[in-house]
Every structure is written in structure tokens, then in C-alpha cells.
Amino acid sequence: MRRSLSDFLRFELDEEALDRLQWRDFGNGLEMSRLAREGQRELVLYRIAANASSDAFVKHEHVGGEFYLVLKGKIADETGEYEKGEVVFLDPHSVHTPRAVGETVVLVLWPAGVRIVD
């Protein structure tokens, strides 16, 4: 079953507040801001520019799974395409290579970290 929070919830990003966060710029149109970290658990925001490199994200494994909420734009990976308001759960040890479609902001929770895959 797949539902979008946009079906029953309206939210608007405060772009000025986003700009005030500390961002790590990967130099390819991808930025990450760490919101919380406790042990291997992390809550981060990804901001992807409309002109980001199609390989901005590298192939990676989610040791404890992943949960993400698309706040703006669209994310696509091997499992499908997800638009604003959609919630995505990836199982433990899942591997994927996401890419943004247009300007995108995604809230991501990693319960047990991430491992880069060759």
C-alpha cells in the first residue's frame, strides 16, 4: 500500500529557514544537513538542485533500513518514483541509487547508518 501525506496534510517548506541550516555541499548539486545523530541513527535533510548531476547519489546500503519523506520535488530509484508528501520505507540491508527529478528536498532517517556499495 502506498499513500501520500499530501492526500490529507498540507505543508510548506520555509526556504529561508532551510538556508540558515548548516549544509555540507558535495559539489555535484547535492547538499546534506544533519538534524540529529545518536549512535548510528541519523536524521538528515538532503537538498538537491534541479541541475544536479544524475549520479549525485552513490549506490549505498541501508544497514538498518531507511525511512524518507519527500518534502519537495521527486526522488526516483530502483523501487519507483516518489513525489512530495510520499513516505518511503526501505528494508534493512536494502541497496539503492536514488536520483532527484528537479529541485528536491528529502527528510531521511537512517536507523543504523549507511554503507557505500562498490
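Read-outs: derived from the displayed coordinates by stated rules, not from any lab. Predicted, not measured: the structure shown is a model, and the values here were computed from it. Here the Cβ is made from the backbone with ideal geometry for all residues, glycine too, and neighbour counts use every protein chain on show.
From most to least packed by mean Cβ count within 10 Å, the peptides 13-23, 40-50, 108-118 give 40-50, 108-118, 13-23.
The shape of the range 5-116 can be summarised by an equivalent ellipsoid whose semi-axes, obtained from the alpha carbon gyration tensor, come to 19, 16, 16 Å from longest to shortest.
The relative contact order of the chain, computed from alpha carbon pairs under 8 Å that lie at least 6 residues apart in sequence, is 31 percent.
Each Lys and Arg contributes +1 and each Asp and Glu -1, all at the Cβ; summed about the Cα centre of the chain, the dipole is approximately 180 debye.
Here's how it looks for LYS84: its modeled amide H is under 5 Å from those of GLY73, which are all 5 or more places away or on a different chain. Distant-in-sequence amide contacts of GLY113, defined by a placed amide H-H separation under 5 Å and a gap of 5 or more residues or a different chain, comprise GLU42, GLY64. Averaging the sequence gap over all C-alpha pairs within less than 8 Å and six or more residues apart, then dividing by the number of residues, gives the range 62-111 a relative contact order of 52 percent. The modelled label-to-label distance between ARG24 and SER4, using points 7 Å beyond Cα along the C-beta direction, is 3.1 nm. The Cβ shell under 11 Å around TYR68 holds other residues with a net charge of -3, Lys and Arg each +1, Asp and Glu each -1.
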